[in-house]
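Here the structure comes first, spelled out in C-alpha cells, and everything after it is commentary.
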Amino acid sequence: MSTVTNDSPLSAASGAPSGAASPNGAAELAPSHEGEPNAHGYRKFSVGELHFERDEFFAHISWPTGEHLMSVDAFLRALQRDVAWNFFYGIVNFDGVFGTMNHYGTVDVFTGRYNDAYRKAELDHVETVETEAVRSVFVEMLDDWTNEGFDPFASPSETGSAFGDKHGSNTAAVTRSRVAATRMVSLPGDEQIRDDAGGHPVNRQFTDVAQDEPEVRPEPGYEGRIGGFNLAAYLSRSPVTWNPSIVSVCRDSLMCPTTEEYILPIIHGNDRAEWFVLLSDEITWDIEDRDSGAKRARVTMKAGDVSAMPADIRHQGYAPKRSMLLVWENASAELPNLIATGQVPAQPVDF
Ligand code: PHB
Ligand code: FE
C-alpha cells in the first residue's frame, strides 16, 4: 500500500493563494460580494462579469449577453459539491447552462459554453479565474444563501427547505470536512470507521446492513500495514448523499464510494474515464455529449452492475431509493492532456 500525497480535487483544497499573480493569464481576485443584502436578505456576488443574486425561490445569474435562473435548492446542492470537491474533475454543470470547468489552478466559470444553442447564438460567456478567487466567492455565496435547516448534502427526505427570505444559516453543514483517506479507512492515523458513538447512526434506509467488522491479525512486522473494514457498514452510516468519499488510495487509483438518493445535483462532464460499480439497489444515468449536451444514452444499473463512463460525455444519476455506489477514479494529473491529444482513448474499454 503506498503513502502517496493525494492531490486529487476530491481531497484537500489546492491552488494558488488568494489574490496571487496569475501564471496563466487568469483574472485576479474578483470582488466577492457587493453592497448590502437585497430585499430578501441575501447578498449579491460576482465573478468578473457574471453576477449572482437570490430571492425566495431562485438563483439568478446574469452576464452581458444574457440571464438565467435555477431553482435555488438545486443551485445550492450543485454549489455545495463544487466547493466541497474543489471543482472536481473536468466540468461541473449545475444545469444545461451554468457551470465550472477545472483547469487545476484556474477555473472557467461559464454560462452556455457547453450548450449548442447558446454557442450558435453567441450568447455564451466564460470567466477564467484563479481557483482560490472563485472558491472564496462560492464559499461565501453558499454560506450566505443557505438558510437554517437546509443541508445541501442531505437527501430531500432528510433536510428542511432551502426556500424563503433569509433566515439563519447552516455553516456547520456547508463546511463539513470531506472523508479523504491517505491510505485506507481504519488504518492507524487515517480516517476511522463510523459508529454511533462517533455521531454516525445507521441511515433509515440501511437498517438491514450487517454491522460486524473483520478481525485483522497481522503477522509480526506488518502491524499498521494491513487492515480491513466493513464497507457496507461504513456506507450505511453516511449522513449525506451524492458525495464520494476517498476510502482507499493506491497511487492514482482512488476508491470513492458514496450513498445516493434522489438526483445527482450536478451533470458531470469528465476529463477522464470513470468506473461505477453499483453495490446496492438501482441508479439510472442520463448520458449526453460532453460539449453539446446532445442525448447519447440512458443506462439503468442494478446491484452488481459495472459501467465505464467515457471522457467525452456528461452524466447525471437518478436514485429512486438510497443506494451504495462505488466510484473508481484515476487521479493522474496527466490524463486530461493524454485524452485531449488522442494519446489515450476517451473510452476505457472496447467490446
Ligand atoms: C460522478 O460525477 O461521477 C459522480 C459524482 C457524485 C456521485 C456519484 C457520481 O455521488
Ligand atoms: Fe462523473
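Quick look at the numbers
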{"read-out": "Flag if Arg113 is in contact (Cβ under 8 Å) with a residue 40 or more places away in the chain and either more than 16 Å from ligand 1 (Cβ to nearest atom) or farther than 18 Å from Ile313 by Cβ (or both)", "value": "no"}
{"read-out": "Criterion violated by Pro244 - all others in (1) of a type outside the set (D, E, K, R); (2) more than 12 Å from ligand 1 (Cβ to nearest atom); (3) in a loop (DSSP other than H, G, I, E, B) satisfied", "value": "(2)"}
{"read-out": "Residue count for region 66-95, restricted to those that are more than 18 Å from Trp145 (Cβ to Cβ) and either modelled with pLDDT under 95 or β-branched (Val, Ile, Thr) (or both)", "value": "1"}
{"read-out": "Selection status of Leu123, hydrophobic (A, V, I, L, M, F, W, C), open to solvent by 60 Å² or more (accessible area, probe 1.4 Å), part of a strand (DSSP E or B) and at pLDDT 95 or above", "value": "no"}
{"read-out": "Which listed residue, of Phe58, Phe45, Phe52, is touching a residue at least 12 places away in the same chain (Cβ under 8 Å) and touching a Leu at 6+ places or on another chain (Cβ under 9 Å)", "value": "Phe58"}
{"read-out": "Test: residue in region 72-95 that is small (Gly, Ala, Ser), without any contact (Cβ under 8 Å) to a residue 24 or more places away in the chain and either at negative phi or out of contact with any Gly (no Cβ under 9 Å at 6 or more places or on another chain) (or both)", "value": "no"}
{"read-out": "2 or more residues surrounded by 21 or more Cβ atoms within 10 Å (Cβ to Cβ), at pLDDT 95 or above and within 10 Å of ligand 2 (Cβ to nearest atom): qualifying strands (runs of 3 or more DSSP E) within region 260-323", "value": "267-269"}
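The values are calculated or read from the model by the stated rules, or taken from the named source; none is laboratory data. All values derive from a computational prediction rather than experimental measurement. Heads up, the Cβs are rebuilt from the backbone with ideal geometry, glycines too, and the neighbour counts pull from every protein chain shown. Surface areas here come from the heavy atoms of the whole protein model, side chains and all, with no ligands, DNA or RNA. Shrake-Rupley method; radii C 1.70, N 1.55, O 1.52, S 1.80 Å.
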